[in-house]
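Notes follow once the structure below has been shown.
What follows draws every value from the coordinates through simple rules; no lab data is involved. Just so we're clear, the structure is a prediction, and the values are computed from it rather than from any experiment. Neighbour counts are summed over all protein chains in view; Cβ atoms, including those assigned to glycine, are modelled from backbone coordinates with ideal geometry.
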Amino acid sequence: MPNEFDRPDPDQLLAAIKSDEERGKRGSLRIFFGMSPGVGKTYAMLRAALQRLAEGVDLVVGVVETHGRPETGALLDNLPQLSRKKVEYRGIELLEFDLDAVLQLKPQLVLVDELAHTNAPGSRHPKRYQDVLELLDAGINVYSTLNVQHVESRADVVAQISGVVVRETVPDSILDFAELELVDLTPDHLLKRLAEGKVYLGDHAATAAENFFKTGNLTALREMALRFTAERVNQELRDFMRSRQIAGPWKASERLAVAVSASPYSEPLIRWTRRAAAGLDAPWIAVHVESSRLLSDEEKARLARNLALARELGAEVIATTGEGVVEALLRVARQGNVTQIVLGKSFRSPLRDFLHGGSLVDRVIRRSGNIDVYVVRADAEDSAQRFRRPPGFAPPREYLFGAAGVAVLTLACFLLSPITGYWSISLIYLVSVLLAGLVLSRGPVLLVAALSALLWNFLFIPPLYTLYIGKAQDALMFATYFIVALVVGHLTAQLRAREQVERSREQRATALYQVVRAVAAAPSLEAAFVAAAREINDLLHADSTVLFDPGGKSDLVAYPLSLGALEDKERGVAGWCFANGQAAGRFTETLREARAIYLPIKRLKETVGVLRVELSKTAGLSFAERQLLEAFADQLAEVIERDRLIQVAQRARLSEEAERLHKTLLDCVSHELKTPIAAISAAVESLLREMPVGAQQELAREIQYGAKRLHRVVNHLLDMTRIETGVLKPKPEWCEVRDLLQSAVDAERDTLANRHVRIATPEATPLVSVDTSLLEQAISKLLANAAVYTPRESPIEISGDVDQNQLRISVSDRGPGLPHENEQRIFEKFYRGDGTRTGGLGLGLSIARGFVEAHGGKIVAENRPGGGACFTITIPVTTTTTHLETIP
């Protein structure tokens, strides 16, 4: 018996199911993967496309580069191709992939060569892989090609091997859901193809052979491509085992974390962690610890890029706060069950590390416990960036202000020293250090502390005007003052910086609270949008707008309404964000030339609006501010969802009340009409018996006919009320099928007068148990419908049979048949076909369906091949072959 640990992990099974569902809704991506140009990726892709075309797949070539290779061009000529879009850039006409044309054509498969290609400026997306993502979201399958050097996590390694820096890269997260097909050649074979001119033409081949295409480079790249493909195959095998619930040692136990900051070293650390996590098949997180240190605009932008890169490569990004980076990092690691932490080597001086209790790496290692720590060095190119890193010092005016303040205070101390003595002067200087900490940054405060100590020694401690101290107690006093001043200045400045950070956090939390409170108290949805926009403007000093689609027709309306219409370019960005459910505009990778950032407002998986925030041209958007804006968008989505639920509840309540009044009215009116109709019918029958033949008798017959029609209408209303209120309960009894059909024909004797009705049933039809009254009425209404909608000389056929405990009754005619667009609507209440004679409410077929469904059966209508309509009733029944009279 298997133990508990051999059972599949339900969370992993659920994740696999959700992943399969998401893949089912999106298009599939197949990438022909190779170690370098010239291995035959495009050729293999075209051959696969030709095979799919022969199988009947609707495909089109979106963009394929042949690079002058005749074999590739010959294959391309046999495939349907899409014209490229012309893009003008600096007076040059460029041909680019026409994304909109493919989306409009919507084929089953499209070929998009060179996945890592950079689009021409002015295109909707800066990268071609983003075009492919939009195609996949539209449900279109894509074939593409990619070299290993263009994979984001491998780009820096390729640069080390080949010496060539790769600028065009594709995020690894795209390859996670793609199917890879490895196209492989040996380095010698590839070099032979290069020499034969099958890779590059003319002088390009010689240049490539001298630089990139070297045997050592190609061997290393081939190993990278093979390893990468093997990792993917191994991952697919584990996914297969999970989906098939195959027990085995596949549970992941490793979890990685990488510390991310505004440092330029964070980028290679993120890529290294992604590669390590992929090799271990382990999840990984990127942790940013926000301290009291204020970041410059350049550092904010770099931090945002680093966190965006981590998210793009598949990391879970976690931002936490704390002055102790080590403590905060280890706290997140332990809470997230992290087994390995990735850090970068320290480039700080040993003295500075000593003053801080050791380097960050040393302190993490000492306190990490059972968590493994990986220390990764930065590349030479990244190391050079440390000399370009902004120092983050306080403005020069603060240093000047601190020095001027010390000078003024020194002048005052000269006047006080004869009265107070030189020891008391130290207390005055110490107070100045405390006051400086309330208004200045850390650097100027430390400058004030150092200057005050030196000036006190030079000007007031004997011997004067020298740094020499004659008495031991004076030296001890000076040393004590110097240390206390530095410590107090440092702590005061640190408290002030922390207070500024906490105030910023408080402002963000207060803004979120104000938005929640404002939108909750808003009397309408439009007022909630205006309140949210006002709070965002006050917090970020921005111009924000909420674009909402009130009618569900993708027609976005801007709130506040006073803003008027947006520019066509900005409205186009908002429309793309709304259609794709992804952020766009400034500070993003999509349509980033826009003036504002656009965030989707999502309700479940449906995008219902767009939050537009326009900052000043010089302002940046920090990671915390981006998170806050996303929280605003989520809150607006909750408000929209709440408003829609209220509207649905109100409509349901009104509909329920209207339906109740409708049924009550029908019931009352129907019962009130039955009595006078019965009296009219009885009186007319008496008049007809005593009235002589003539004009008066004809009038009396007209009254009798009208009374019968009105009686039928009232019965229909009563039957419909019984059906809709649920009080209709069949009472089955044994009957013969032919007798049931004959009773229905007899009940419609007047309607079927002068009609030829043929009844057909097999001779050995068994008895069935049904509610004969209800089923007879259902068949009668089908016969009446056939009589109304067919010519008088047209025959009507009615048949019944029992097969495998299923009663099947058909009523057929040879009339004009059913309108093709209304075959299903004929069973709706009060529906009447075009050209119908006057009279009746259009309830007969609806009542027939209700009676049949009360038996658990169904009724369908269809046109007959030779003309006319056929109504078929199918009901599950209990049967017996015993004759009716033998049953007690």
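Apply 1/(1 + (r/R0)^6) to the Cβ-Cβ distance of residue 506 and residue 557, taking R0 = 45 Å, and write down the FRET efficiency to the nearest 0.05. Present the calculation step by step, with values, prior to reporting the outcome.
Details: r = 34 Å, r/R0 = 0.75.
Computed FRET efficiency for residue 506 and residue 557: 0.85.
Can you tell me, using C-alpha contacts under 8 Å and at least 6 residues apart, the relative contact order of region 402-548 as a whole percent?
On the way: 126 pairs, mean separation 28.7, N = 147.
That works out to 20 percent.
Within the set 41/85; 127/198; 300/617; 106/569; 781/858, which residue pairs have Cα atoms separated by over 18 Å?
Details: 41/85 24 Å; 127/198 27 Å; 300/617 15 Å; 106/569 25 Å; 781/858 15 Å.
Those over the limit are 41/85; 127/198; 106/569.
Based on the Cα coordinates of region 410-561, what is the per residue volume of their convex hull in Å³? List each step's numbers first, then the result.
Numbers: hull volume 23.7 nm³, N = 152.
Normalising the Cα hull of region 410-561 by residue number yields 156 Å³.
What is the Å³ per residue value for the convex hull set by the Cα atoms of region 38-121? Working shown, then result.
Numbers: hull volume 8.8 nm³, N = 84.
So the per-residue hull volume is 105 Å³.
Putting +1 on Lys and Arg Cβ atoms and -1 on Asp and Glu Cβ atoms, find which of 132, 79, 59 reaches farthest to the positive end of the dipole of region 51-132.
So the residue furthest toward the plus end is 132.
Return the tail of the calculated pair distribution for region 420-494, meaning the percent of Cα-Cα pairs more than 16 Å apart.
Numbers: 1223 of 2775 pairs.
Cα-Cα pairs in region 420-494 separated by more than 16 Å: 44 percent.
Take the Cα radius of gyration of region 579-660 and divide it by 2.2 N^0.38 Å, with N its residue count; two decimals is plenty. List each step's numbers first, then the result.
Working: Rg = 17.5 Å, N = 82, 2.2 N^0.38 = 11.7 Å.
The reported ratio for this selection is 1.49.
Evaluated at 4 °C with a viscosity of 1.567 mPa s, what Stokes-Einstein diffusion coefficient in µm²/s does region 725-821 have when Rh comes from the Kirkwood expression over alpha-carbon pairs?
On the way: Rh = 14.4 Å.
In µm²/s, the coefficient is 90.
For region 100-185, what does the equivalent ellipsoid look like in terms of its semi-axes, each the square root of 5 times an eigenvalue of the Cα gyration tensor, given largest first in whole Å?
Each semi-axis is √(5λ); the values are 25, 16, 10 Å.
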